[in-house]
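To keep things clear, I will list the structure first and then write my remarks on it.
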Amino acid sequence: MEQQILSLDEIKEIYSDSLATHYDHSLLLYRLLGFRIKTYRKKAVQSLNLNPGDTVVDLGCGTGLNFPLLNNHVGKQGTIIGVDLSKNMLQQAQDRIQDSGLNNIKLIQADMSEYHIPSNADAILSTLAISMSPDYDRIIERVAHTLETRKKMAIFELKRPEKWPKWLVKAMIKLLHSYGTRYEHSKRTPWLSMEKYFRKLYMQEFYFGAVYVATGVV
C-alpha cells in the first residue's frame, strides 16, 4: 500500500452533501477548458466490449455518470453494480436511477479496497476514482485474479504528463483540489499495476498526456 494522502473521513467530507449535490454541474468548467470528460468515460466503457446481459461493476461510481453509458451496452437484462465510499454521492446516484427509470442497477456503499468483486462479473470500470486509493495496486491485483479469462477492466484516470513543467502540473492540480486531488496523486501509477497483473494492456492518452484510458485483459 502506498502512503495515504487523504484519510477515508477526509474523502467523505470532501464528497459531502454540498459537492455531491452540485458535482455534475461543477464539471462544466473543465469542459470549457477542453477536458472532454464524457468522451473519456465513453472510451473507457467502449473498451470493455460489453454485451447485453453482462454484469459490470463501477468502482467509485460517484453520482452515476457512467450508468447510462453502461446501460446502453448491457441493456435491461444486464446488471450494473455501483460502489462508492460516499453516502451523499450514492444518494445522487439513486436519484439519477429513479429519474432514468433504470431497474438493473445496484448501489453499494463501501471502500473499494474492501469490496469483494463478484465472481460472475464480466467487467470492471473505474473513472477518476481508483488513484484516490492508496491500495490501488492491491485492488487491481484482486480484480485481475477474480475476473475470468478474456474479461476486462478499464480505468479513466489522470497522470502527470512527461513533458509538462512542474508549475503547470501544480496549476492543473489546484483546479482539481476541491475534488480531493493533491500533488502526491500525480505520482501514482495504476496503469503500471494493470500492466503487471493483466495479460494484455491497451492504453490511450488524451489532453496532451494528462488523461489516459487503460484497459486490461485477463
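Observations
- Total residues in region 106-138, condition part of a helix (DSSP H, G or I) and either under 14 Å from LEU85 (Cα atoms) or in contact with a helix residue (DSSP H, G or I) (Cβ under 6 Å, 6 or more places away or on another chain) (or both): 5
- Restricting region 196-211 to residues that are assigned to a strand (DSSP E or B) and of a type in the set (A, V, I, L, M, F, W, C), the residue that is nearest to the chain's Cα centre (by Cα): VAL211
- Which listed residue is surrounded by 14 or more Cβ atoms within 10 Å (Cβ to Cβ) and modelled with pLDDT under 95, from LEU147, LEU158: LEU158
- Only one of the numbered conditions (1) in contact with a Pro (Cβ under 7 Å, 6 or more places away or on another chain); (2) in contact (Cβ under 8 Å) with a residue 40 or more places away in the chain; (3) farther than 18 Å from SER193 by Cβ is violated by ILE155, and that is (3).
- Residue count for region 75-96, restricted to those that are more than 18 Å from the chain's Cα centre (by Cα) and either surrounded by 15 or more Cβ atoms within 10 Å (Cβ to Cβ) or aliphatic (A, V, I, L, M) (or both): 1
- Pair list, Cβ under 8 Å, 6 or more apart: region 72-89 residue closer than 17 Å to ILE108 by Cβ, other residue of a type in the set (Ser, Thr, Tyr) and in a helix (DSSP H, G or I): ASN88/THR21; MET89/TYR23
- Subset of region 97-118 [touching a residue at least 12 places away in the same chain (Cβ under 8 Å) and either closer than 20 Å to ASN71 by Cα or crowded, with 20+ Cβ neighbours inside 10 Å (or both)]: ILE97, SER100, LEU102, ASN103, ASN104, ILE105, LYS106, LEU107, ILE108, MET112, ILE117, PRO118
- Looking across region 48-102, the residues that are more than 22 Å from TYR115 (Cβ to Cβ) and polar (S, T, N, Q) come down to ASN49, ASN51, ASN72, GLN77, GLN98, SER100.
- Test result for LEU85, at pLDDT below 95 and touching a Phe, Trp or Tyr at 6+ places or on another chain (Cβ under 9 Å): yes
The values are calculated or read from the model by the stated rules, or taken from the named source; none is laboratory data. The structure displayed is predicted, hence computed values, not measured ones. In this analysis, Cβ positions are derived from the backbone assuming ideal geometry, glycine residues included, and neighbour counts consider all displayed protein chains.
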